[in-house]
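The next block holds one structure in the form of structure tokens; read it before the comments.
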Amino acid sequence: MSTDNINNINIEAESEMYEEDLNEQRKIRRQKLRDLQEADRNPYIYETWNVTAHSKDIKENFDALEDEEVSCAGRIMSKRIMGKAAFFDLQDKQGRIQCYVKRDEIGADEYKWFKTYDIGDIVGIEGKVFKTKTDEISIHITKLILLSKSLQVLPDKWNGLKDTDIRYRQRYVDLIMNQDVRDTFVKRSKIIHEMKRVLEEDYGYLEVDTPILTAIAGGANARPFETHHNTLDMDLRLRISNELYLKRLIVGGLDRVYEIGKMFRNEGMDRNHNPEFTSMECYMAYGNMENTMEVTEQLVYKAQMEVNGTPIIKYQGKEFDVTPPWRRLNMADAVKEITGVDFSKIDTDEKAREAAIAYGMDKDEVKNFTRGKLIAEMFEEYCEDVPGYLDGPVFVVGHPVEVSPLAKRDPADSRITRRFEAYINGWEIANAFSELNDPIDQFERFSEQQAELDAGIDDEAHPMDMDFVNALEVAMPPTGGLGVGVDRVIMLITDSPSIRDVILFPTMKPLGEEKNEKVVKEIDMSKIKIEPLFEEFVDFDTFSQSDFRVVKVLKCEEVPKSKKLPKFTLNDGTGTARTILSGIKETYSAEELVGKSLVAITNLPPRKMMGQESCGMLLSAVCDYEDGELLNLIMVDDNIPAGAKLY
């Protein structure tokens, strides 16, 4: 650990301690280390310790281990010196166990050194298992060796490490201090192991590895991370999906293949999204959508049973029974049920756009959308966020061709595909289809998507991949394909509120990194065009009905798939957080607005924007400039309190 990092660690997690006190304690610990080294007791020389037992095993098998010699190793988590004897808690991978150490047992010199040991130091011990007078299972130590000196100050035992930002950045401290965090990641390992077992033993899939660096980021509609290979002098992308490589293996005769691995998408971050995430994709030759539905059900059901012993997932106060079979819901039926727009009675793109605009979708945003694209957009915007509607588990089926470039068309209706998305708690946890294996149809769909990409209509459209088309021309058998968001499944099974709670090292902006100064573009005032002032007057009473208030930005996050709208969570002085969506994404980054004081109209009726309810409007200053628009949010002095009224 570098000296630069030392002064930043744990300060916010300490209870009632000043920074200078912590620095003093660190100096003392370094002096203790120097004293040890000068006495030829350097703790860092040890390479190994023969561990014969662990804390939980000792407690669960006390009758067999009483008075038996054990050898353990772990971290000192508490220490109570009582003259010539002492107790301390040793924490290992299974938990904690009390240890009893006596000066006469280990020797006066060794005991003297032991009294200098700190919370967080790692020791190796040997001793006999016994029970204290209070019936606590403990180890009576006969040998004690310091294996590693902790130069840091751990958070205090009463408050632990609760600051979530520090917890994610310093997961190593989080794991030390919070048993439930360790339990979560043990469960994560069990869930992934059970998924692999189901795939391999129950369904005969073969685990394979496919490239992470690719020339074409295909298999999904998402923005990739880009890099450059110097030797080959070519641009490469981190994979957003491994689908197309796995289907190439199906062409090659490996009839059932799967891969669990990291995917990378250069998109927004929230409690369900991390740029780097774990996905499972599997492909079954001669299988179809129904086969992959069964695999999905079994993966989730058996993982839940393995970890929790019940088919009932309990998540944040809600319950979901994942016992197969799961319910099915048609996408167009869902749109009709929530919005009243019946696409079964609409046959043309023009009428579909009219219906969508009449319901409230943005006219400019949907001007190039087809009927199928509108069904998908209205489902995302108006159905996905309806509380409880997609709690499931439920399979949503009937996806339009326009948003499913890799799925077979439905023989009964060529406008939709043989595809499903699985939802639990309103989250999409899986996506699957009867895979398209018609090379001509595939080429045409890729061409349409590439045209949208080239025209700037959709910067997440799927690019052309001629090698994959060539693979289909070799002939791919009928195939059922499935992708599962492993992190989201783990969140549900472990009752974890954020994806960061199930990823050991989630993506975080480094501490201390200087914020990029916004480059202030010099404006040529002669090119500014101001909208003419309104000629019509408005009476004072009408104007005064608009409630202008100062609001503080508590949180600002990107809305998935929206090019313009971030979502603001605001303090408006009422004690209840207010949500407003505002089209400022092209001008500001979400993170730079957190903590700012803005002005909002708070008494406008709520309206749906990208499936989210927006309650009010943030004020901006807008004018035309050159071929675009200049937009500036109205920001006020941070000393003005939230809720202050503007006149």
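When you look at Ser434, is it surrounded by fewer than 22 Cβ atoms within 10 Å (Cβ to Cβ) and among the hydroxyl-bearing types (Ser, Thr, Tyr), yes or no? So Ser434 does not fit the description; no. Filtering region 73-95 to residues that are without any contact (Cβ under 8 Å) to a residue 60 or more places away in the chain, among the small types (Gly, Ala, Ser) and surrounded by 18 or more Cβ atoms within 10 Å (Cβ to Cβ) leaves Gly74, Ala86.
Can you confirm whether Glu421 is part of a strand (DSSP E or B) and surrounded by fewer than 18 Cβ atoms within 10 Å (Cβ to Cβ)? Break it down into steps so the answer makes sense when it comes.
On the way: part of a strand (DSSP E or B): yes; surrounded by fewer than 18 Cβ atoms within 10 Å (Cβ to Cβ): no.
Spelling it out, it is not the case that Glu421 is part of a strand (DSSP E or B) and surrounded by fewer than 18 Cβ atoms within 10 Å (Cβ to Cβ).
Quick test of your reading of the structure: Ile166 fulfils all but one of (1) under 22 Å from Asp487 (Cβ atoms); (2) surrounded by fewer than 18 Cβ atoms within 10 Å (Cβ to Cβ). Name the failing condition by number. Going through the list (1) under 22 Å from Asp487 (Cβ atoms); (2) surrounded by fewer than 18 Cβ atoms within 10 Å (Cβ to Cβ), Ile166 breaks only (2).
Residue-wise test of (1) under 18 Å from Val397 (Cβ atoms); (2) among the aliphatic types (A, V, I, L, M).
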site	(1), (2)
Tyr315	no, no
Val322	no, yes
Leu329	yes, yes
Asp342	yes, no
Ala352	no, yes
Tyr359	no, no
Val366	no, yes
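Being more than 24 Å from Val394 (Cβ to Cβ), in contact with a helix residue (DSSP H, G or I) (Cβ under 9 Å, 6 or more places away or on another chain) and part of a strand (DSSP E or B) is a property that Glu281 lacks. Within region 260-272, residues that are among the β-branched types (Val, Ile, Thr) have Cβ atoms under 8 Å from residues that are open to solvent by less than 40 Å² (accessible area, probe 1.4 Å) and modelled with pLDDT of 85 or more in these pairs: Ile260/Ile192; Ile260/Met195; Ile260/Thr278; Ile260/Ser279; Ile260/Met280; Ile260/Val486, counting only partners at least 6 apart in sequence or on another chain.
Of the residues Ser589, Ser544, Ser562, the single one that is of a type in the set (Gly, Ala, Ser) and modelled with pLDDT of 75 or more is Ser544. Looking across Ile490, Ile503, one residue alone is under 20 Å from the mean Cα position of the chain (by Cα), in a helix (DSSP H, G or I) and over 20 Å from Arg223 (Cα atoms). It is Ile490. Annotation note: Cβ proximity below 7 Å between a residue of region 25-38 that is of a type outside the set (Ser, Thr, Tyr) and a residue that is assigned to a helix (DSSP H, G or I) (sequence gap 6+ or interchain) occurs for Arg26/Ile6; Leu36/Pro43. Only one of the numbered conditions (1) assigned to a helix (DSSP H, G or I); (2) touching a residue at least 40 places away in the same chain (Cβ under 8 Å); (3) of a type outside the set (Val, Ile, Thr) is violated by Phe320, and that is (1).
Name the single residue, out of those in region 124-140 being in contact with a Lys or Arg (Cβ under 8 Å, 6 or more places away or on another chain) and hydrophobic (A, V, I, L, M, F, W, C), that is most open to solvent (accessible area, probe 1.4 Å). Only one residue fits best here, namely Ile137.
Among the residues of region 379-403, those identified as of a type outside the set (A, V, I, L, M, F, W, C), under 21 Å from Thr339 (Cβ atoms) and in a loop (DSSP other than H, G, I, E, B) are Glu384, Asp385, Pro387, Gly388, Tyr389, Asp391, Gly392, Gly398, His399.
Mind telling me which of the residues Glu226, Glu267, Glu281 ends up being within 28 Å of Pro497 (Cβ to Cβ), of a type in the set (Asp, Glu) and open to solvent by 50 Å² or more (accessible area, probe 1.4 Å)?
Criteria check complete, one pass: Glu267.
State which residue is surrounded by the fewest Cβ atoms within 10 Å (Cβ to Cβ) when the search covers only region 323-340 and only residues that are free of Cβ contacts under 8 Å to residues at least 60 places away in the same chain and part of a helix (DSSP H, G or I). Result: Glu337. For region 105-123, the set of residues classified as over 44 Å from the mean Cα position of the chain (by Cα), open to solvent by 50 Å² or more (accessible area, probe 1.4 Å) and not acidic (Asp, Glu) consists of Ala108, Lys112, listed by residue number. From Val474, Val484, grab the single residue that is hydrophobic (A, V, I, L, M, F, W, C) and surrounded by 22 or more Cβ atoms within 10 Å (Cβ to Cβ). Selected residue: Val484, the only one of Val474, Val484 that is hydrophobic (A, V, I, L, M, F, W, C) and surrounded by 22 or more Cβ atoms within 10 Å (Cβ to Cβ).
Across region 46-68, the number of residues qualifying as open to solvent by 90 Å² or more (accessible area, probe 1.4 Å) and in contact with a Gly (Cβ under 7 Å, 6 or more places away or on another chain) comes to 1. State which residue is modelled with the lowest pLDDT when the search covers only region 592-616 and only residues that are surrounded by 14 or more Cβ atoms within 10 Å (Cβ to Cβ) and over 15 Å from Arg549 (Cα atoms). So, considering only residues that are surrounded by 14 or more Cβ atoms within 10 Å (Cβ to Cβ) and over 15 Å from Arg549 (Cα atoms), the one modelled with the lowest pLDDT is Gly611. Within region 617-639, the set of residues being part of a strand (DSSP E or B), closer than 30 Å to Glu384 by Cβ and at pLDDT 80 or above comprises Met617, Leu618, Ser620, Leu633.
The values are calculated or read from the model by the stated rules, or taken from the named source; none is laboratory data. In this text the structure is predicted, and so the values were computed from the model without any measurement. So basically every Cβ, Gly included, is an ideal-geometry build from the backbone, and we count neighbours across all protein chains shown. Just the protein is used for accessible areas: all its heavy atoms, side chains included, with ligands, DNA and RNA removed. Shrake-Rupley method; radii C 1.70, N 1.55, O 1.52, S 1.80 Å.
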